[in-house]
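Take a look at the structure below.
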Amino acid sequence: MARREIGLRLNGSNRRIEVEDQVLLIDLVRSLGLVGTKLSCDTQVCGACTVLLDGRPVSSCTTLAIEADGRAVETIEGLADAGAPGRAPKLHPLQQAFIDRFAFQCGYCTPGMIMAAKALLDERPHPDAAAIQHWMEGNICRCTGYQTIVEAVLDAADRSRRLP
Amino acid sequence: MADAVSLRQRYGEDAAIYAGGTELLLAMKLGIARWPHLIDIKPIDQLRRVAATKDLLRIGATVTHWELERDPVVAKALPALARLEANVANIRVRAAGTLAGNLAFAEPHADPPALLVALGARVVLESAAGSRTLLVGEFITGMYQTALGPGELIVAIEIPLPARDVRMAYVKFKVLERPSLAVAAVATIRDGRFVGAPSVVIGAVDEVPRAVPTADFASADVRDPRTAEALAEAARAAVDPSDDLAGSADYKRHLVGVFVQRALGSLIAGAA
């Protein structure tokens, strides 16, 4: 198997990384310590492994790491602002809304849910509930019953609207 | 492009064409298929384009479902295709997967083939020997089987742009992400009658998209309940369903009739 060096922008930082051709994006990001991205179905059905590749949601379980060459990859770890030294990071409005709306229980699907929702809000800042349901129907949660997730995304969209 | 064709010729069956990877990488991960080489065609500029002439829409081989869903030309000229694309699988598959790859995989439970057959779409293939064009119905030869030669690759899908008064419908029944059955219908209706015969194609029931014989329906009164029932019966007779996880053969045959009537209703309502 061939190895090659790829250059990517990972959560805002430029990185050069050597990868083997057959390595999957999920294994690359997790090997770098970004273990928020979860493997579950491994068949592109559940959405737990969702990351953004140039802003579009993809299943990192079925995307080759070399696809990230020259592109931007965002994972759940890239959402919160680091904040001032010694202070708690400031969560992304989606993360805060998921907490406030009790939009997770076990949390395993949550990083994928939030990344999918981020891609939606980046493209359509104020979707209605039906648009959220359609966008996220490929993200499976076995705990919440989905209603609180839809409410959290609506809430996050609303919070963004109120930002200066 | 020349490099891709020459690599394809050099490696033949030892190489797979790689674009979105949504089906290819799944098959490789599951160990169902193994290729020593993948030929990545995404860097080829000319394959990324959607271009329309007066009477033809040409969709490059690496254009994704996501892009088709948002393409203004598709939305205007082929609204049924735009809506179909917006409902393929899930958002991540649409973001990566291509229409050409969907056809190349020839998974029977796929959305695009039925509508493409009903629209008379063609697949443009290229090899070192030159290029050839096949109707989608000729290209898909069986379950996971296509007419793609070992030295060939898909370069584009061509769809004849329908006249302004042509109506089209695509309706499906699905339990999970893939359609259990789908009905595509394309027709012109004037003064309450079909102009010529409608094109009705059943997807996801047989191994290949199944065109319903509709010659008898030329000029039929579209609102006559006997037309709807006869069309449903013609569709039920045209398919050869089998029992599988999507339902029993009897159930699927029944649903084919129901969904043909819904497609007809959608045509009458003028919904695209």
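Scanning the stretch A:101-117 for residues that are more than 14 Å from chain B (Cβ to nearest Cβ) and out of contact with any helix residue (DSSP H, G or I) (no Cβ under 7 Å at 6 or more places or on another chain) turns up A:GLN105, A:CYS106, A:GLY107, A:TYR108.
Looking at the stretch B:205-236 only, could you name the residues that are part of a helix (DSSP H, G or I) and touching a helix residue (DSSP H, G or I) at 6+ places or on another chain (Cβ under 9 Å)? Within the stretch B:205-236, B:ASP216, B:PHE217, B:THR227, B:ALA228, B:GLU229, B:ALA230, B:LEU231, B:ALA232, B:GLU233, B:ALA234, B:ALA235, B:ARG236 qualify. The residue of the stretch B:222-262 that is nearest to B:TYR170 (Cα to Cα), among those that are surrounded by 14 or more Cβ atoms within 10 Å (Cβ to Cβ) and of a type in the set (D, E, K, R), is B:ARG262. Is it the case that the stretch A:55-67 has a residue that's of a type in the set (D, E, K, R) and away from chain B (no Cβ under 11 Å)? No: zero hits. Taken as a whole, the stretch B:60-75 holds no residue that is within 14 Å of chain A (Cβ to nearest Cβ), under 14 Å from the mean Cα position of the chain (by Cα) and within 16 Å of B:ILE140 (Cβ to Cβ).
Can you pull out the residues in the stretch A:30-69 that are charged (D, E, K, R), without any contact (Cβ under 8 Å) to a residue 24 or more places away in the chain and either part of a strand (DSSP E or B) or closer than 19 Å to A:ARG4 by Cα (or both)?
A:ARG30
The set of residues in the stretch A:122-160 being under 21 Å from A:CYS49 (Cβ atoms), among the polar types (S, T, N, Q) and away from chain B (no Cβ under 14 Å) consists of A:THR144 alone. May I ask you to list the residues in the stretch B:1-16 that are outside any loop (DSSP other than H, G, I, E, B) and among the aliphatic types (A, V, I, L, M)? B:ALA2, B:ALA4, B:VAL5, B:LEU7, B:ALA15, B:ALA16 - these are the residues of the stretch B:1-16 that are outside any loop (DSSP other than H, G, I, E, B) and among the aliphatic types (A, V, I, L, M).
Report yes if some residue within the stretch A:103-119 is in contact with a Lys or Arg (Cβ under 8 Å, 6 or more places away or on another chain), outside the structural domain of A:GLN22 (by TED's automatic domain parsing), among the hydroxyl-bearing types (Ser, Thr, Tyr) and more than 16 Å from B:ARG94 (Cβ to Cβ); otherwise report no. Yes: one or more hits.
Number of residues in the stretch B:117-149 that are closer than 16 Å to B:ALA106 by Cα and in contact with a strand residue (DSSP E or B) (Cβ under 9 Å, 6 or more places away or on another chain) equals 17. Per this entry, B:ASP55 is not counted among residues that are under 22 Å from B:ALA16 (Cβ atoms) and of a type in the set (D, E, K, R).
Out of curiosity, is A:ASP42 at positive phi and either among the charged types (D, E, K, R) or out of contact with any strand residue (DSSP E or B) (no Cβ under 8 Å at 6 or more places or on another chain) (or both)?
yes
Quick check, is B:ARG190 without any contact (Cβ under 8 Å) to a residue 24 or more places away in the chain, surrounded by fewer than 17 Cβ atoms within 10 Å (Cβ to Cβ) and more than 23 Å from A:THR62 (Cα to Cα)? Spelling it out, it is not the case that B:ARG190 is without any contact (Cβ under 8 Å) to a residue 24 or more places away in the chain, surrounded by fewer than 17 Cβ atoms within 10 Å (Cβ to Cβ) and more than 23 Å from A:THR62 (Cα to Cα). Of all residues in the stretch A:73-90, those satisfying the criterion of being at pLDDT 95 or above and more than 14 Å from every other protein chain (Cβ to nearest Cβ) are A:THR75, A:ILE76, A:GLU77, A:GLY78, A:LEU79. Of all residues in the stretch A:80-125, those being of a type in the set (A, V, I, L, M) and touching a residue at least 40 places away in the same chain (Cβ under 8 Å) number 7. For the stretch B:237-272, filtering for residues that are in a loop (DSSP other than H, G, I, E, B) and of a type in the set (A, V, I, L, M) leaves 5.
Condition check for B:GLU67 on (1) under 23 Å from B:ALA263 (Cα atoms); (2) at pLDDT 95 or above; (3) not basic (Lys, Arg): one failure, at (1). Consider A:ASP100 carefully, then state whether it is surrounded by fewer than 21 Cβ atoms within 10 Å (Cβ to Cβ), modelled with pLDDT of 95 or more and either assigned by TED's automatic domain parsing to the domain that holds A:ASN11 or out of contact with any Leu (no Cβ under 6 Å at 6 or more places or on another chain) (or both). In short, yes. Scanning the stretch B:33-59 for residues that are within 13 Å of another protein chain (Cβ to nearest Cβ) and not hydrophobic (A, V, I, L, M, F, W, C) yields B:ARG34, B:PRO36, B:HIS37, B:ASP40, B:LYS42, B:PRO43. Has the stretch A:11-32 got any residue that is more than 11 Å from chain B (Cβ to nearest Cβ), exposed (fewer than 14 other Cβ atoms within 10 Å of the Cβ) and under 15 Å from the mean Cα position of the chain (by Cα)? Yes, the conditions are met somewhere in the stretch A:11-32.
The values are calculated or read from the model by the stated rules, or taken from the named source; none is laboratory data. Note that this is a predicted model, so its numbers are computed, not measured. Ideal geometry is used to build each Cβ from the backbone, glycine not excepted, and the neighbour counts take in all protein chains shown.
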